[in-house]
Amino acid sequence: MKVNNEINKPLEYSGAYYEEIGDFLKENYLEYEFTNGTLQEVDFLVKALNIPEKSRILDIGCGPGRHSLELARSGFHSVGVDISAEFIKYASQVAANEKIEADFYVADARNLQFNKEFDGAICLCEGAFGLVGGVDEHRKVLKSVYNALRPNSLLVLTVINALHVARNITDETIFDIYTCTKVDKETIISLKAKRKK
C-alpha cells in the first residue's frame, strides 16, 4: 500500500474520469453483479421517498438508467443525469422503446440547472457523490441537488463504507488516510471484449 502522507491535504482529482469509463462500458455496465438488485432497490426507494405516483424523481449519476427506468415503470416521472453521453444515449433509447416517462440528460452533477422541479432525488452506487474530487466538489453536488428539489423533498444517497475501503487495500493501492480515499487501477471490459485500464 502506498500512503498519501500529506496530512490535511487530501488527494484531489477532477471527477471527470467516469465519463470515459461510462462511454467505454455503455450497457455492459449492467452486467456487473451489483446491478442485479434493481427491483428490490426501487421497491425500497418508493417506500423511503413516500411520494405519490407521477411525482418527479431526479436520479443523479444515473448511469445507463437502471433505477430511473424502473421508477418510470412503477408510475413515476424520472429524470436521469449522468456525465457519460453513452449511458444517457442507452437509457434514452430504452425509455423511448418502452414509451415510459423517463428523460435523460448529459450533465455534471456539480452544475445541475434544475430549480425546485423534483419531489425526490436519488444518488446511488456512487452516482456522482464520492466520484467528483475533493470536499468542495462534493458540496457542489449537494447544492445542485438541493436547488433541484422542491421544499421538504428527500434525497436518498448512498456512500462507500470507509471500513470496506480500508479492508480491501492491495499493495498497488494509493490510500489517503485523511479522506479514506483509495486509488486503484482496474481493467474493464466492453461489450466487444475490448479492454481498458
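The values are calculated or read from the model by the stated rules, or taken from the named source; none is laboratory data. Here the structure is a predicted model, which means the values were calculated and not measured. Ideal geometry is used to build each Cβ from the backbone, glycine not excepted, and the neighbour counts take in all protein chains shown.
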Qualifying residue in the stretch 138-157 (condition: closer than 26 Å to ASP23 by Cβ, at pLDDT below 90 and part of a loop (DSSP other than H, G, I, E, B)): no
Filter pass, LYS54 being out of contact with any Pro (no Cβ under 6 Å at 6 or more places or on another chain), on the phi > 0 side of the Ramachandran plot and modelled with pLDDT of 95 or more: no
Number of positions in the stretch 77-112 that are assigned to a loop (DSSP other than H, G, I, E, B), over 22 Å from TYR29 (Cβ atoms) and at pLDDT 95 or above: 1
Any pair with Cβ under 7 angstrom, 6 or more apart, that starts in the stretch 49-69 at a residue that is touching a residue at least 40 places away in the same chain (Cβ under 8 Å) and over 16 Å from ALA109 (Cα atoms) and ends at one that is surrounded by fewer than 23 Cβ atoms within 10 Å (Cβ to Cβ) and acidic (Asp, Glu): ILE51/ASP119; SER55/ASP119; ARG56/GLU117; ARG56/ASP119; HIS67/GLU41
Filter pass, SER68 being in contact with an Asp or Glu (Cβ under 7 Å, 6 or more places away or on another chain) and crowded, with 20+ Cβ neighbours inside 10 Å: yes
Flag for ASP23 being at negative phi and modelled with pLDDT under 95: yes
